[in-house]
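See structure below.
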Number of protein chains: 2
Amino acid sequence: MCPPDDLNAEARRHAERFQRVREAHQTELAEDYVELIAHLIEETGEARVVDLAGWLGVTNATVNNTIQRLQRDGLVTTKPYRSIFLTDAGRELAEQSRKRHDIVREFLIALGVDSQTADIDAEGIEHHVSSATLKAFAKFVNKARRST
Amino acid sequence: MCPPDDLNAEARRHAERFQRVREAHQTELAEDYVELIAHLIEETGEARVVDLAGWLGVTNATVNNTIQRLQRDGLVTTKPYRSIFLTDAGRELAEQSRKRHDIVREFLIALGVDSQTADIDAEGIEHHVSSATLKAFAKFVNKARRST
DNA sequence: ACAACATCTTAGCAAGGGCTAAATTTAGGT
DNA sequence: ACCTAAATTTAGCCCTTGCTAAGATGTTGT
Ligand SMILES: [Mn+2]
Ligand SMILES: [Mn+2]
Ligand SMILES: [Mn+2]
Ligand SMILES: [Mn+2]
């Protein structure tokens, strides 16, 4: 009789969107860590706890805890009192994250955002950009590049 | 003698960006809650725990916990077994969040992202968009609107 | 009025992600 | 070689954000 609850359907869609955001939040930290670890290894030859702490703005103890979780999840390998290495899965995630991060940052700059703000905002936005949106970002960047 | 550690300066900037993201994560949930509460009050006359739970995809108990924190932080008022009201601060945050959320969603659509993806991605991106970037988004939306 | 049902609350649990302080181990300088 | 400083790890704490299960309170139909 009553219109079969469209309201409920909207609520369900809304709830699904939230679940996506919650999932993204669970993987963010891992993405940022492996991306940074890959960067440090490339630039300096190794990734040490103290360096990660400095680059992330957290304490050594916090890095240590997180690294243990990453190891549990198969993204890094460590030996006691030694520096940190990426597994194949870790390297792959790092590479993906780096590419996505770069596109988001370049996109913001192409849009007219100053590069310092782009750096800041990209660090958060990157984790919530679906592949469809990322494609749209990349397209915009390329178009802007061609037209200059 | 050596170039005064530019490496360290880059690390410091990186760390600051991370601190920003961590701060954003602390306010996200509050923003989404008050935005939804305002919406429910406007549409249905009241915001009840069970409705919030349905719209957010979490349990009643979780909503209850979060609402207590929001009350502690001066964003909502509640009386036992009654529905939820926004304080002035809560209403203001809700309004701000709604506007920003709308701009982000419209921006993604204007960029060519399908509306369903835009809905999903905007829910996460909104919390990491600075006022400078938001301004750039709004400008792009207006330009796209005029040119159609 | 009151039974049944819905809603709200509480209690108790877990994981994530921060911190400080105190070991422990490694690495350097003399 | 050894003493010291730096780096890593551990232990113990806190808050957030989720859950389930059970109790308390409101609401509604008969
Ligand atoms: Mn990144
Ligand atoms: Mn990031
Ligand atoms: Mn929102
Ligand atoms: Mn949101």
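The values are calculated or read from the model by the stated rules, or taken from the named source; none is laboratory data. As the structure is a computational prediction, the values presented were derived from the model and not from experiment. Cβ atoms come from the backbone with ideal geometry, glycine included; neighbour counts cover every protein chain shown. Remember, those area values only see protein heavy atoms, side chains included, never the ligands or the DNA or RNA. Shrake-Rupley method; radii C 1.70, N 1.55, O 1.52, S 1.80 Å.
List of remarks:
Every residue, every condition in (1) of a type in the set (Gly, Ala, Ser); (2) within 16 Å of ligand 4 (Cβ to nearest atom), yes or no:
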position	(1), (2)
B:76	no, no
B:92	no, no
B:97	yes, yes
B:133	no, yes
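- The set of residues from the stretch B:91-148 being open to solvent by less than 20 Å² (accessible area, probe 1.4 Å), more than 10 Å from ligand 3 (Cβ to nearest atom) and away from chain A (no Cβ under 11 Å) comprises just one member, B:141.
- Condition check for residue A:63: within 11 Å of DNA strand C (Cβ to nearest atom) and of a type in the set (Val, Ile, Thr): yes
- Unique residue being more than 16 Å from ligand 1 (Cβ to nearest atom) and under 17 Å from residue A:12 (Cα atoms) when the list is B:52, B:108: B:52
- Candidate set: the stretch B:14-58, residues that are outside any helix (DSSP H, G or I) and more than 11 Å from chain A (Cβ to nearest Cβ); chosen: the one farthest from DNA strand C (Cβ to nearest atom): B:45
Rundown of residues vs (1) under 30 Å from residue A:116 (Cα atoms); (2) touching a Ser or Thr at 6+ places or on another chain (Cβ under 8 Å), yes/no style:
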residue	(1), (2)
B:9	yes, no
B:15	yes, no
B:19	yes, no
B:23	yes, no
B:28	yes, no
B:42	no, no
B:60	no, no
B:75	no, yes
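- Within the stretch A:1-13, being facing another protein chain (nearest Cβ under 10 Å) and open to solvent by less than 40 Å² (accessible area, probe 1.4 Å) holds for one residue alone: A:11.
- Residue within the stretch B:19-39 that is open to solvent by less than 50 Å² (accessible area, probe 1.4 Å), within 16 Å of ligand 1 (Cβ to nearest atom), closer than 21 Å to residue A:28 by Cα and out of contact with any Asp or Glu (no Cβ under 7 Å at 6 or more places or on another chain) present: yes
- One residue stands out in the stretch B:114-148 among those that are under 18 Å from the mean Cα position of the chain (by Cα) and outside any helix (DSSP H, G or I): the one that is nearest to residue B:35 (Cα to Cα), namely B:129.
- Checklist (1) within 25 Å of residue B:26 (Cα to Cα); (2) open to solvent by less than 50 Å² (accessible area, probe 1.4 Å) applied to residue A:68, failing item: (2)
- Taken across the stretch A:43-61, residues that are more than 16 Å from ligand 4 (Cβ to nearest atom) and touching a strand residue (DSSP E or B) at 6+ places or on another chain (Cβ under 6 Å) do occur, with at least one present.
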